[in-house]
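Participant: I have a structure I would like to understand better, so I am pasting it below and will then ask my questions one at a time.
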Amino acid sequence: MEILSQMWSLLGLLTVLQNVLPSQLLSVLHSLYESLQDLLSPYSYFEIPEFNGYCGVELNDLYRHVHLYLNAVNHSTSSACRRLTLSRSPSSNRISFAVAPNHTVNDTFNNHRLSWTHHVDAVQDSLEEKRSFTLRFPKRHRHALLSSYLSHITSRAEEFERVSRERRLFTNNTGTGSFESGWVSVPFRHPSTFETLALEPDLKKQIKDDLTAFASGKEFYHRVGRAWKRGYLLHGPPGSGKSSLIAAMANFLCYDVYDLELTKVSDNSELRSLLIQTTNRSIIVIEDIDCSVDLTADRTAKKNASKSKKHKTTSFSGSSSGLGCDEGSRVTLSGLLNFTDGLWSCCGEERLVIFTTNHRDSVDPALVRCGRMDVHVSLSTCGVHAFRELARNYLGVESHVMFEAVEGCIRSGGSLTPAHVGEILLRNRKDADVAMRELLSVMQGRMVVAAAVGGGDQTDNEEVGVVGARSPESVLMMGSPENWECLNVKKRKEQNHGSSNLDKKVKFFVRLRSLTKSDSGR
């Protein structure tokens with residue numbers, strides 16, 4: 001009881017002194033007390049307010065990074081806090097948490113124990129609140145820990161924000177050309193991933209390794225003086241999986257997707273305006289580049305104009321002026337080249353530019369050379385590995401008695417596109433036997449038609465000249481089309497050799513027919 005009475009007496013004395021002593025003296029005494037406390041304490045304290053300065057207008061980016069970092073840390077670390085605030089936005093399935101007001105969460109960095117305290121104080125005569133984080137860690141390791149720990153927080157927060165944020169799919173408006181309304185967007189929720197993609201395993205690995213090296217290559221691109229961007233050309237027949245591959249790349253990197261419709265762009269100036277509005281960490285897609293605009297007409301028109309100039313005909317002057325007016329009011333090959341590899345293409349960082357086409361030879365070589373389209377991915381018909389991946393995804397089977405017959409058809413040129421195979425498996429997904437019989441029947445029918453027309457290709461595949469010329473597997477090439485002519489020569493040789501194997505294919509087809517009938521009887 002004596003101790004309690006002495007404590008009450010001391011508190012009463014402090015209250016009297018607070019009312020008697022001048023405020024300046026009280027401020028000095030308070031500062032001396034805090035200095036003495038800091039001197040005796042083994043910890044250092046750093047406060048990170050929500051806003052910079054005293055006006056409370058400019059947001060403190062470090063405060064936001066700390067909040068994101070505490071969401072990104074391991075749940076075993078966050079469980080040390082006695083109270084957390086849970087939240088989930090309507091557009092995301094991820095549950096995030098925040099440290100409850102005036103509570104502490106512990107963290108560990110380089111075998112040192114640190115703690116974060118979230119302070120929330122009410123502002124006098126206002127409904128607003130003053131928020132801040134206070135960092136506490138051992139004083140003797142202050143200089144060794146502070147800089148590296150804050151860098152660690154920033155990197156983890158940025159990575160968490162990139163992965164957890166809602167991705168968007170953008171498309172350009174019709175002929176607006178306005179900086180405020182050049183793009184409209186919807187949430188991007190395409191389910192395609194590299195795990196579900198029907199591609200050859202080696203091709204998957206090559207693309208994923210290339211994307212990983214690109215995403216982590218900021219210092220390398222800056223060191224060599226090159227814009228941090230990369231171009232992909234995806235070519236193959238309709239249904240070969242070009243759009244699904246783009247979606248898988250976006251989900252793998254957690255990038256936004258800008259689907260640029262060139263037919264809606266009025267001229268080169270609007271094209272540059274749209275490029276400026278794209279954000280970092282995004283994929284810019286131009287599908288069917290050979291059909292979007294008539295880019296080859298630019299070169300043809302210039303050649304015709306040059307020939308007409310030599311003859312100096314009177315009709316040339318009128319057509320020449322008309323040509324100049326037309327180039328000024330549409331997207332030209334020169335404007336698209338500047339879009340992909342010119343000075344304006346460097347207005348952002350960490351971006352992929354992807355062109356797709358059904359016919360690679362129809363694309364102007366200048367548009368897909370090195371530095372513009374760095375990686376060429378050939379997507380053809382469904383190969384053996386891709387077929388097994390589709391069967392596992394759609395039917396849930398790892399093996400089947402008819403797998404060998406289907407794979408025989410694939411190797412002999414009766415393969416279908418992944419989209420066609422997927423549709424057959426989709427509508428028969430409840431019965432694997434029915435799905436495999438229908439798939440085998442369609443492939444055999446494809447072989448019969450191919451044999452009837454003398455070995456012609458019925459799949460519209462630009463890479464496979466004849467049935468049975470080679471296995472319909474995808475190909476990835478680094479670089480530009482200087483070697484396209486070599487591929488064309490090889491393809492012509494394969495066509496000449498393919499006719500000699502026609503009799504073998506017919507015999508193989510007959511054997512497959514008998515195998516199918518025997519399976520049906522069982």
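Participant: Out of the residues in the stretch 375-405 that are polar (S, T, N, Q) and in contact with a Ser or Thr (Cβ under 7 Å, 6 or more places away or on another chain), state the one that is farthest from residue 360 (Cα to Cα). If you could, list the steps in order and put the result at the bottom.
Facilitator: Narrowing the stretch 375-405 to residues polar (S, T, N, Q): 378, 380-381, 393, 399.
Now restrict to residues that are in contact with a Ser or Thr (Cβ under 7 Å, 6 or more places away or on another chain): 378, 380-381, 393.
Numbers: 378: 9, 380: 12, 381: 15, 393: 30 Å.
Among those that are polar (S, T, N, Q) and in contact with a Ser or Thr (Cβ under 7 Å, 6 or more places away or on another chain), it is 393.
Participant: Of the residues that make up the stretch 266-281, is at least one modelled with pLDDT under 95, farther than 28 Å from residue 182 by Cβ, in contact with a helix residue (DSSP H, G or I) (Cβ under 8 Å, 6 or more places away or on another chain) and open to solvent by 70 Å² or more (accessible area, probe 1.4 Å)?
Facilitator: Checked against the condition, which is being modelled with pLDDT under 95, farther than 28 Å from residue 182 by Cβ, in contact with a helix residue (DSSP H, G or I) (Cβ under 8 Å, 6 or more places away or on another chain) and open to solvent by 70 Å² or more (accessible area, probe 1.4 Å), the stretch 266-281 yields no hits at all.
Participant: Starting from residues that are modelled with pLDDT under 85, in contact with a helix residue (DSSP H, G or I) (Cβ under 7 Å, 6 or more places away or on another chain) and closer than 23 Å to residue 152 by Cα, keep the ones in the stretch 31-69 and report whichever is most open to solvent (accessible area, probe 1.4 Å).
Facilitator: Going through the qualifying residues, I end up with 43.
Participant: Can you name every residue in the stretch 359-375 that is of a type in the set (A, V, I, L, M, F, W, C) and either touching a strand residue (DSSP E or B) at 6+ places or on another chain (Cβ under 6 Å) or open to solvent by 10 Å² or more (accessible area, probe 1.4 Å) (or both)?
Facilitator: Within the stretch 359-375, 363, 366, 368, 370, 373, 375 meet the criteria.
Participant: Which of the numbered conditions does residue 160 fail, given that it passes all the others? Conditions: (1) in a strand (DSSP E or B); (2) buried (at least 16 other Cβ atoms within 10 Å of the Cβ).
Facilitator: If we test residue 160 against (1) in a strand (DSSP E or B); (2) buried (at least 16 other Cβ atoms within 10 Å of the Cβ), just (1) comes out false.
Participant: Let me spell it out: the conditions are (1) on the phi < 0 side of the Ramachandran plot; (2) at pLDDT 90 or above; (3) open to solvent by less than 40 Å² (accessible area, probe 1.4 Å); (4) touching a helix residue (DSSP H, G or I) at 6+ places or on another chain (Cβ under 9 Å), and residue 246 meets all of them except one. Which number is the exception?
Facilitator: (4) is the only condition that residue 246 fails.
Yes/no per residue for (1) at pLDDT below 90; (2) among the acidic types (Asp, Glu):
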{"position": "381", "(1), (2)": "yes, no"}
{"position": "389", "(1), (2)": "no, yes"}
{"position": "393", "(1), (2)": "no, no"}
{"position": "413", "(1), (2)": "yes, no"}
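Participant: Go through the stretch 200-243 residue by residue and tally those that are on the phi < 0 side of the Ramachandran plot, open to solvent by 10 Å² or more (accessible area, probe 1.4 Å) and of a type outside the set (Asp, Glu).
Facilitator: Going through the stretch 200-243 one residue at a time, the tally reaches 23.
Participant: Okay, moving on. Of all the residues that make up the stretch 120-149, how many are crowded, with 17+ Cβ neighbours inside 10 Å and of a type outside the set (Lys, Arg)?
Facilitator: 6
Participant: Another question, then. Any residue at all in the stretch 358-366 that is over 16 Å from residue 274 (Cβ atoms), within 19 Å of the chain's Cα centre (by Cα) and among the acidic types (Asp, Glu)? Outline the logic, then answer.
Facilitator: Quick first cut of the stretch 358-366, residues over 16 Å from residue 274 (Cβ atoms) only: 358-366.
With within 19 Å of the chain's Cα centre (by Cα) added as a condition, the list becomes none.
No, the stretch 358-366 has no match at all.
Participant: Let me ask something additional. Looking at 211, 203, which one is of a type in the set (A, V, I, L, M), in contact with a Ser or Thr (Cβ under 6 Å, 6 or more places away or on another chain), touching a residue at least 12 places away in the same chain (Cβ under 8 Å) and assigned to a helix (DSSP H, G or I)?
Facilitator: The unique qualifying residue is 203.
Participant: Would you check if residue 168 is at pLDDT below 85 and surrounded by 13 or more Cβ atoms within 10 Å (Cβ to Cβ)?
Facilitator: It is false that residue 168 is at pLDDT below 85 and surrounded by 13 or more Cβ atoms within 10 Å (Cβ to Cβ).
Participant: Residues of the stretch 380-414 being free of Cβ contacts under 8 Å to residues at least 60 places away in the same chain and touching a Gly at 6+ places or on another chain (Cβ under 7 Å), which ones?
Facilitator: Within the stretch 380-414, 394 is the sole residue that qualifies.
Participant: Among the residues of the stretch 443-464 satisfying the criterion of being in a loop (DSSP other than H, G, I, E, B) and over 19 Å from residue 362 (Cα atoms), which is modelled with the highest pLDDT?
Facilitator: Filtering first and then ranking leaves 453.
Participant: Can you tell me which of 226, 167 is touching a strand residue (DSSP E or B) at 6+ places or on another chain (Cβ under 7 Å) and under 19 Å from residue 348 (Cα atoms)?
Facilitator: Among 226, 167, only 167 is touching a strand residue (DSSP E or B) at 6+ places or on another chain (Cβ under 7 Å) and under 19 Å from residue 348 (Cα atoms).
Participant: Which pairs do you get when a residue that is at negative phi, found in the stretch 142-163, comes within reach of a residue that is among the charged types (D, E, K, R), reach meaning Cβ atoms under 7 angstrom, with the pair 6+ apart or on two chains?
Facilitator: 162/281
Participant: List the pairs whose first member sits in the stretch 418-431 and is closer than 11 Å to residue 240 by Cα, whose second member is part of a loop (DSSP other than H, G, I, E, B) and open to solvent by 60 Å² or more (accessible area, probe 1.4 Å), and whose Cβ atoms are under 9 Å apart, counting only residues at least 6 apart or on separate chains?
Facilitator: 419/238
Participant: Test residue 380 against the criterion of being open to solvent by 30 Å² or more (accessible area, probe 1.4 Å) and either in contact with a Lys or Arg (Cβ under 6 Å, 6 or more places away or on another chain) or hydroxyl-bearing (Ser, Thr, Tyr) (or both), and give yes or no.
Facilitator: So residue 380 fails the test.
Participant: Within the stretch 11-28, can you find the residues that are open to solvent by less than 100 Å² (accessible area, probe 1.4 Å) and modelled with pLDDT of 70 or more? Let's see the steps before the verdict.
Facilitator: Step one: of the stretch 11-28, the residues open to solvent by less than 100 Å² (accessible area, probe 1.4 Å) are 11-17, 21-23, 25-28.
The answer is 11, 12, 15, 16, 22, 23, 25, 27, 28.
The values are calculated or read from the model by the stated rules, or taken from the named source; none is laboratory data. These numbers come from a predicted model, not from an experiment. Neighbour counts run over all protein chains shown; Cβ positions are idealised from the backbone, glycine included. To get the accessible areas, we keep the full protein, side chains included, count just its heavy atoms, and leave off ligands, DNA and RNA. Shrake-Rupley method; radii C 1.70, N 1.55, O 1.52, S 1.80 Å.
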